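The values are calculated or read from the model by the stated rules, or taken from the named source; none is laboratory data. Remember, it's a predicted structure, so these values are computed and weren't measured experimentally. We place every Cβ from the backbone using ideal geometry, glycine too, and count neighbours over all the protein chains shown. Calculation scope for accessible area: heavy atoms of the full protein, side chains included, ligands and nucleic acids excluded. Shrake-Rupley method; radii C 1.70, N 1.55, O 1.52, S 1.80 Å.
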Amino acid sequence: MSETAAAKKNPKKANLADQHSIKHLLDESASEIVKARGYPEDFRTSNVRLLLGTLLTYTKEKNAILFTYPPTVSFSSTGLVVSSKLPRFSDSYTLTISSADPKSVAAKKPVEFTKSVTQWFTKEGVLVEALFRKDVEALVDEYNKEPKKTK
């Protein structure tokens, strides 16, 4: 069964009156999209983060939703930290992709977008996955883009 057929059969739905429901669905979907782009999840970091949850609340990774290893086909890349924010009483969802090892010579500058969640959901609360996927994949592509060399 194709991905689109599966999405039509089991659409992802959120309660539009519940911000936590919206953020959870977007975070889960963003993680799936990044992993599908060849970044395997770093379960050790993710599991430690879950165990230490409240302690990590005060670190820079407090909004992290996914930690990855570098893609298996890459020799000059780091893993990623994918973070998100959806402030209370706001419809502006921010997704950020940064290096899991910011001090590495292979680390790239973080990239992010901030968009209204209303553009990804129908009035019934169904996530229009193709639109969200397009935005997340564009962000991954932007992160992976080679920086312009200055002379």
Reported set for region 117-147 where residues are closer than 25 Å to P11 by Cβ, open to solvent by 30 Å² or more (accessible area, probe 1.4 Å) and not acidic (D, E) is T118, Q119, T122, K123, V126, V128, A130, L131, R133, K134, A138
Among residues of region 61-76 being within 16 Å of the chain's Cα centre (by Cα) and at pLDDT below 75, the residue surrounded by the most Cβ atoms within 10 Å (Cβ to Cβ) is E61
Test result for E112, touching a Leu at 6+ places or on another chain (Cβ under 8 Å) and of a type in the set (D, E, K, R):
yes
Show the residue pairs that are 6+ apart or on different chains and have beta-carbon atoms under 6 Å apart, the first residue being within region 16-45 and of a type in the set (A, V, I, L, M), the second being open to solvent by 30 Å² or more (accessible area, probe 1.4 Å) and not in a helix (DSSP H, G or I).
L25/K12
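Conditions (1) touching a strand residue (DSSP E or B) at 6+ places or on another chain (Cβ under 7 Å); (2) modelled with pLDDT under 90, marked per residue:
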| position | (1), (2) |
| --- | --- |
| P87 | no, no |
| D101 | no, yes |
| V117 | yes, no |
| W120 | yes, no |
| L131 | no, no |
| E137 | no, no |
| V140 | yes, no |
| Y143 | yes, no |
Of everything in region 93-116, what is open to solvent by 40 Å² or more (accessible area, probe 1.4 Å) and either polar (S, T, N, Q) or under 23 Å from S77 (Cα atoms) (or both)? Give them in sequence order.
A100, D101, P102, K103, V105, K108, K109, P110, E112, T114
Exactly one of (1) closer than 28 Å to F89 by Cα; (2) assigned to a loop (DSSP other than H, G, I, E, B); (3) modelled with pLDDT of 60 or more; (4) not β-branched (V, I, T) is unmet by Y39. Its number?
(1)
Give just the number: which of (1) within 20 Å of D135 (Cα to Cα); (2) modelled with pLDDT of 90 or more does P11 not satisfy?
(2)
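Take V105 and tell me if it is of a type in the set (V, I, T) and touching a residue at least 40 places away in the same chain (Cβ under 8 Å).
no
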